[in-house]
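What follows is a set of notes on a single structure, which appears directly below.
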Amino acid sequence: MTDPVLVTHDICKSFGALQASRDISLDLRPGEIHALIGPNGAGKSTLIKQIAGGLRPDRGTVQFLGRDVTALDTAARARMGLARTFQISALAMEYTVLQNAVLGALGARGGVFRFFGNVLKDNDLRSAAEAALDRVGLSDQAGTVTGELSHGQRRLLEVAVALTLRPKAFLMDEPMAGLGADGSKRLTGFLDGLRDEAPILLVEHDMDAVFALADRISVLVYGQIIATGTAAEIRENPEVRKAYLGE
Ligand code: ADP
Ligand code: MG
């Protein structure tokens with residue numbers, strides 16, 4: 001087996017008396033979608049934040065591309081190719097779709113926001129941005145003000161912005177949230193094709209999407225991974241059925 005792209009080793013995180021992450025060890029392998037599921041408050045977002053670098057674990061390590069990145073901040077991990085889409089939109093609503101994508105491409109190169117005025121004239125950045133928009137099917141909206149996009153289109157734009165990083169791995173926290181059936185289907189189709197380029201650690205409540213996409217599923221309950229396996233293994237796991245599926 002080839003080496004995993006991303007590994008967490010015994011991650012622990014407490015908020016006061018609450019243990020939000022208890023000895024969490026998981027890995028993300030090349031070409032896979034690894035779904036992380038669990039009830040509300042189980043600690044899914046807390047784990048994603050620690051992997052992305054926004055939150056420091058109390059104990060344990062995060063390795064990315066064979067390197068210990070536990071001490072690196074979000075920006076440094078992003079520059080290494082660890083991409084993240086957010087549960088809450090981080091787009092600049094008053095800018096156009098293309099401007100947001102260019103900003104993403106600029107950020108990926110460690111650029112600075114205030115030079116934005118000149119950035120649209122940078123052909124490299126612009127073509128990286130246009131290519132990303134094309135991939136998610138938003139080329140026709142390049143000139144549209146982002147605030148005027150539908151919810152589903154904004155989600156796709158967030159993915160496009162992340163794509164400008166040329167990511168080596170993706171972290172996604174509930175990308176389907178708030179999408180209608182059409183939007184979910186479109187995003188599911190897109191993620192399906194994305195895994196070969198960059199494996200995805202996917203937190204998602206939409207079980208249809210999870211079972212359709214995931215090569216492996218980990219189940220998190222009260223800050224602990226109680227099972228990891230294929231969709232079939234997870235469906236049949238008695239502990240999972242009891243703790244999570246409510247049986
Ligand atoms: P999930 O994403 O699985 O719904 P979270 O990771 O958001 O769960 O939260 C896990 C637990 O940690 C919850 O009980 C939540 O209230 C708590 N929590 C999350 N972030 C903080 C924080 N910054 N301070 C205190 N408690 C937090
Ligand atoms: Mg969450």
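Each reported figure results from applying straightforward, stated rules to the coordinates on display, with no laboratory input. Just so it is clear, the structure is predicted and the values come from calculations on it, not from any experiment. So basically every Cβ, Gly included, is an ideal-geometry build from the backbone, and we count neighbours across all protein chains shown.
Here Asn123 and Thr144 are evaluated by their C-beta separation; at R0 = 25 Å the FRET efficiency comes out at 0.70. Using the Cβ-Cβ distance between Ala131 and Glu233 with R0 set to 45 Å, the FRET efficiency from 1/(1 + (r/R0)^6) comes to roughly 0.75.
Between the stretch 2-68 and the stretch 170-228, the C-alpha centres lie 16 angstrom from each other. Working ranking of peptides 54-60, 27-33 by packing, defined as the average number of other Cβ atoms within 10 Å per residue, highest first, is 27-33, 54-60.
For a quick check, take a GNM of the chain with Cα springs below 10 Å and name the residue from Met207, Met176, Met80 with the largest mean-square fluctuation. Comparing Met207, Met176, Met80 in a Gaussian network model of the chain, the most mobile one is Met207. Excluding residues on the same chain fewer than 8 positions from Lys242, give the lysines whose Cα lies under 24 Å from its Cα. By straight Cα distance, Lys242 reaches Lys44.
Just Glu204, Glu174, Glu233 to compare: in a GNM of the chain, with alpha carbon springs under 10 Å, which one fluctuates most? Maximum among the listed residues: Glu233. The simple Förster model, with R0 at 30 Å and r as the Cβ-Cβ distance, assigns Asp23 and Phe211 a FRET efficiency of 0.65. If the chain linking Tyr95 and Asp10 were pulled fully straight, counting 0.36 nm for each residue of separation and taking away their Cα-Cα distance, it would gain 26.5 nm. Overall shape: prolate for the stretch 121-247, with the ratio a/c of the largest to smallest alpha carbon gyration tensor axis at 1.5 or above and a/b above b/c. For the chain, what class follows from the C-alpha gyration tensor (a ≥ b ≥ c being the square roots of its eigenvalues): rounded when a/c is under 1.5, otherwise prolate if a/b is larger than b/c, else oblate? Since a/c reaches 1.5 and a/b is larger than b/c, the shape of the chain is classed as prolate.
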